[in-house]
Amino acid sequence: MGEKPLVGHSITYALENGFKDVIITSNDTAILDFANQNGIKVINRPDALSGHQEPVITALQHAVDQLQKKYDAVILLQPTNPLRPKGLLKEAIAIFEWGDCDSLMTVSRNKHKLGTISDGRFIPYNYKMGQRSQDLEPLYYENGLLYIFKTEILNQGKLLGKNNYPLLIDHPFAEIDIDTEADFLKAEFFYNNYRDTP
């Protein structure tokens, strides 16, 4: 996207926000080569900890275990969320450092009428039939833009602690989470048209 692999956008974002200890964990040689060429520390992840079925937490635990330097906290920037508001990371860090939280995640408000299907019938979940979308009960979803968590939380096998702070994001980039080719095309459109949006 924009002549750069997806992971490159997260790398650039971290560097532009002043981070020196940027680390990539992967088993993909192309990703590792790109990171090496850009002076980023790489951790070669075992195949057993890779793949779409493997939870991200095992990759993070492996990466932290491989590091000689010990860190109090970890910031996760996933490559499938390549676009982030410019001031988001600094805002999130300030909240994490000064707030009473052991983890932080970005969330966005759901704007859809949701329901379940039971016995072939649709049952509204967050609204009543005929209710306006503007009057929906406020529900939120993880948008994946970033996560911050204390290393001790990770050592407990979790990403989110008991004192997790939900940082609410109302920005077009929160809609981008790439899992399919259609998602990628949507991300390209946003990148080409909104990348300078604060």
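Every read-out reported here was derived from the displayed coordinates using simple, explicitly stated rules and does not represent laboratory data. None of the values given here were measured: they were computed from a predicted structure. Ideal geometry is used to build each Cβ from the backbone, glycine not excepted, and the neighbour counts take in all protein chains shown.
Rounded to whole Å, give me the distance from the Cα center of the stretch 153-168 to that of the stretch 67-135.
Result: 13 Å between the Cα centres.
Using a ≥ b ≥ c from the Cα gyration tensor of the stretch 126-167 (square roots of the eigenvalues), is it rounded, prolate or oblate, where a/c under 1.5 gives rounded and otherwise the larger of a/b and b/c decides, a/b for prolate?
On the way: a/c = 4.30, a/b = 3.31, b/c = 1.30.
In terms of gyration-tensor shape, prolate.
Counting Lys and Arg as +1 and Asp and Glu as -1, what is the net charge of the other residues whose Cβ lies under 12 Å from the Cβ of Leu104? Before the final figure, lay out the partial values.
Values: positive: Lys150; negative: Glu91, Glu97, Asp100, Asp102, Glu142.
It works out to a net charge of -4.
Just to be sure I understand: of the beta bridges DSSP finds with both ends in the chain, what percent are antiparallel, rounded to 5? Please list the in-between numbers first.
Values: 14 of 23 bridges.
Around 60 percent of the beta bridges assigned by DSSP in the chain are antiparallel ones.
Mean-square fluctuation check for the chain, GNM, Cα pairs under 10 Å: which of Asn143, Asn27, Asn36 is largest?
Asn36
Which residue fluctuates the most in the chain, going by a Gaussian network model with Cα springs under 10 Å, if the choices are Pro124, Pro55, Pro82?
Looking only at Pro124, Pro55, Pro82, the largest GNM fluctuation is found for Pro124.
Where nothing but the Cβ of Lys and Arg (+1) and of Asp and Glu (-1) is charged, how large is the charge dipole of the stretch 1-43 around its Cα centre, in debye to the nearest 20?
Details: 3 positive and 5 negative charges, 20 e Å.
With Lys and Arg at +1 and Asp and Glu at -1, about 100 debye.
Okay, helix-only estimate at 222 nm for the chain: each DSSP H run of n ≥ 4 adds -39500 (n - 2.57), divide by all residues, round to 500 deg cm²/dmol; what do you get? Each step should come with its number before you reach the end.
Values: 6 runs with 61 residues, N = 198.
About -9000 deg cm²/dmol.
Taking the chain as a Gaussian network, where each spring joins two C-alpha atoms under 10 Å apart, which residue of Thr151, Thr58, Thr29 fluctuates the most?
Its mean-square fluctuation being the largest, the pick is Thr29.
Just to confirm a number: summing +1 for Lys and Arg and -1 for Asp and Glu over residues other than Gln61 whose beta-carbon lies under 15 angstrom from that of Gln61, what do you get? If you can, show how the numbers build up before the last one.
Numbers: positive: Arg45, Lys70, Lys150, Lys158; negative: Glu54, Asp65, Glu152.
For residues surrounding Gln61, the net value is +1.
Strictly over 30 Å apart at the Cα level, which of Lys86/Lys186; Lys41/Lys111; Lys128/Lys162 would you flag in this model?
Details: Lys86/Lys186 19 Å; Lys41/Lys111 39 Å; Lys128/Lys162 32 Å.
Among Lys86/Lys186; Lys41/Lys111; Lys128/Lys162, the Cα-Cα distance tops 30 Å for Lys41/Lys111; Lys128/Lys162.
Grab the beta carbon distance between Ser50 and Glu175, set R0 = 25 Å, and tell me the FRET efficiency rounded to 0.05.
Values: r = 27 Å, r/R0 = 1.08.
The formula returns an efficiency of 0.40 here.
Report the net charge of residues surrounding Gln134, where surrounding means a beta-carbon distance below 14 angstrom and charges are Lys +1, Arg +1, Asp -1, Glu -1. It would help to have the intermediate numbers written out before the result.
Numbers: positive: Arg109, Lys111, Lys113, Lys128, Arg132; negative: Asp135, Glu137.
Neighbourhood net charge equals +3.
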